[in-house]
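Student: Once you've had a glance at the structure underneath, I'll fire off some questions.
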Amino acid sequence: MGMGRFVFALLAVALLVIAAGCENPDTNVKTEKTLTINEVTVHYSGDVSLSQAKALIDFVGETFQITGETNVYLSKSGDAYTVEVTTPYTSPDQIDDATRFYVEMMASKMSQDVFGGAKSTLKLVTDEGSELFSAESRYSYVNSGTIYVWYAGIGEDKAKAVLDYAVSLVGEGPWDIILEGSNPYNVKTVSSFESREEIGDAENTYRQMASDLSQKLGGNVVIHVLNPEGKEIAAFSS
């Protein structure tokens, strides 16, 4: 059906992280402590807990392909967290749209998995600490296996209703759905399609999806079909 989820694991293969050869002097992170597990070293400030540093190492290991010793810089300001991951990129132009979309979603996953839903910023930096790309957390998520529903400005019950429907429709992932707004509810489904012309027969499925979710959510629904770069290529209303 071609409605496959934005496959995080596959993109991570292309998004490498490498060790910084120094103490990252160009960043504003005050590193007071370090924790190293499986070649990932987190440099973190005194107001960050050891359990958070450990959880961040797990997150980085799951999210990025690690190639050798890797430095990550974690700081806290008020109730917000900033994480800088060293990459082999030397210019923002080297970061393609699919990678940017991936990092945007991962900022939200990091917020929920590592920092209990607190505002979080995920940055890609050069090995000298210069910022290349930055994304702030926007969503919470619910999932069933590799089917994820990301949601903002809406209750978890609505997100779970969409998740249950997605599971009934495709059985298993990978698949990502982004849920925002209300009446109309904007349901953004990440697909493998690159253009409107590629959707073909799947258009009927998207139209049925809009109708079904309208009943389950109790309001008008617009299905937005996104390509792997997170750009909308089609929309279907209930």
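Student: Could you please find all residues in region 122-153 being at pLDDT 95 or above, more than 20 Å from A98 (Cβ to Cβ), in contact with a Ser or Thr (Cβ under 8 Å, 6 or more places away or on another chain) and not aromatic (F, W, Y)?
Tutor: Listed by number, the residues that qualify are S140, A152.
Student: Those residues that are touching a Phe, Trp or Tyr at 6+ places or on another chain (Cβ under 8 Å), hydroxyl-bearing (S, T, Y) and assigned to a loop (DSSP other than H, G, I, E, B), I need them from region 108-154; list them, please.
Tutor: T126, Y139, T146
Student: Limited to region 193-211, what total is found for residues that are surrounded by 15 or more Cβ atoms within 10 Å (Cβ to Cβ), part of a loop (DSSP other than H, G, I, E, B) and not aromatic (F, W, Y)?
Tutor: Total meeting the criteria: 1.
This table checks each residue for (1) touching a residue at least 60 places away in the same chain (Cβ under 8 Å); (2) not aromatic (F, W, Y).
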position: Y81; (1), (2): no, no
position: M105; (1), (2): yes, yes
position: D113; (1), (2): no, yes
position: G117; (1), (2): no, yes
position: L122; (1), (2): no, yes
position: A135; (1), (2): no, yes
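Student: For S214, work out the one condition from (1) among the polar types (S, T, N, Q); (2) part of a helix (DSSP H, G or I); (3) surrounded by fewer than 17 Cβ atoms within 10 Å (Cβ to Cβ); (4) in contact (Cβ under 8 Å) with a residue 12 or more places away in the chain it doesn't fulfil.
Tutor: Every condition holds for S214 apart from (3).
Student: Also: If I95 meets every condition in (1) among the β-branched types (V, I, T); (2) farther than 30 Å from E203 by Cβ; (3) modelled with pLDDT under 85 apart from one, which number is that one?
Tutor: Checking I95 against (1) among the β-branched types (V, I, T); (2) farther than 30 Å from E203 by Cβ; (3) modelled with pLDDT under 85, the one that fails is (3).
Student: Continuing with this model, one more query. Looking at region 159-175, can you tell me whether even one residue there is in contact with a Phe, Trp or Tyr (Cβ under 7 Å, 6 or more places away or on another chain) and not small (G, A, S)? Walk me through how you get there before you give the answer.
Tutor: First, pick out the residues of region 159-175 that are in contact with a Phe, Trp or Tyr (Cβ under 7 Å, 6 or more places away or on another chain): 159, 166.
Next, from what is left, pick out any that are not small (G, A, S): none.
Within region 159-175 (the criterion being in contact with a Phe, Trp or Tyr (Cβ under 7 Å, 6 or more places away or on another chain) and not small (G, A, S)), the answer is no, since none of the residues qualifies.
Student: Would you check which residues across region 68-92 are more than 18 Å from K54 (Cα to Cα), open to solvent by less than 60 Å² (accessible area, probe 1.4 Å) and either part of a strand (DSSP E or B) or among the hydroxyl-bearing types (S, T, Y) (or both) and list them?
Tutor: If the condition is that a residue be more than 18 Å from K54 (Cα to Cα), open to solvent by less than 60 Å² (accessible area, probe 1.4 Å) and either part of a strand (DSSP E or B) or among the hydroxyl-bearing types (S, T, Y) (or both), then T87, Y89, S91 are the ones that fit.
Student: Report yes if N28 is of a type outside the set (F, W, Y), in contact with a strand residue (DSSP E or B) (Cβ under 7 Å, 6 or more places away or on another chain) and either modelled with pLDDT of 90 or more or not in a strand (DSSP E or B) (or both), otherwise no. Please lay out each step first, then the result.
Tutor: Details: of a type outside the set (F, W, Y): yes; in contact with a strand residue (DSSP E or B) (Cβ under 7 Å, 6 or more places away or on another chain): no; either modelled with pLDDT of 90 or more or not in a strand (DSSP E or B) (or both): yes.
The answer is no for N28.
Student: Being farther than 23 Å from K231 by Cα and open to solvent by 10 Å² or more (accessible area, probe 1.4 Å), is that true of even one residue in region 94-107? Even if it seems obvious, please write down each step before you answer.
Tutor: At the first step, the residues of region 94-107 found to be farther than 23 Å from K231 by Cα are none.
Within region 94-107 (the criterion being farther than 23 Å from K231 by Cα and open to solvent by 10 Å² or more (accessible area, probe 1.4 Å)), the answer is no, since none of the residues qualifies.
Student: Which is in contact with a Leu (Cβ under 6 Å, 6 or more places away or on another chain), within 23 Å of M105 (Cα to Cα) and either open to solvent by 30 Å² or more (accessible area, probe 1.4 Å) or part of a helix (DSSP H, G or I) (or both), of K188, K160? Give the derivation first.
Tutor: On the way: K160 fails: in contact with a Leu (Cβ under 6 Å, 6 or more places away or on another chain).
Every option except K188 fails the conditions.
The values are calculated or read from the model by the stated rules, or taken from the named source; none is laboratory data. Predicted model, so just to flag it, every value in this text is computed and none were measured. No Cβ is skipped: glycine too gets one built from the backbone with ideal geometry, and neighbour counts run over all protein chains shown. The protein model used for the area step is the full one, side chains on, heavy atoms only, and it has no ligands, DNA or RNA in it. Shrake-Rupley method; radii C 1.70, N 1.55, O 1.52, S 1.80 Å.
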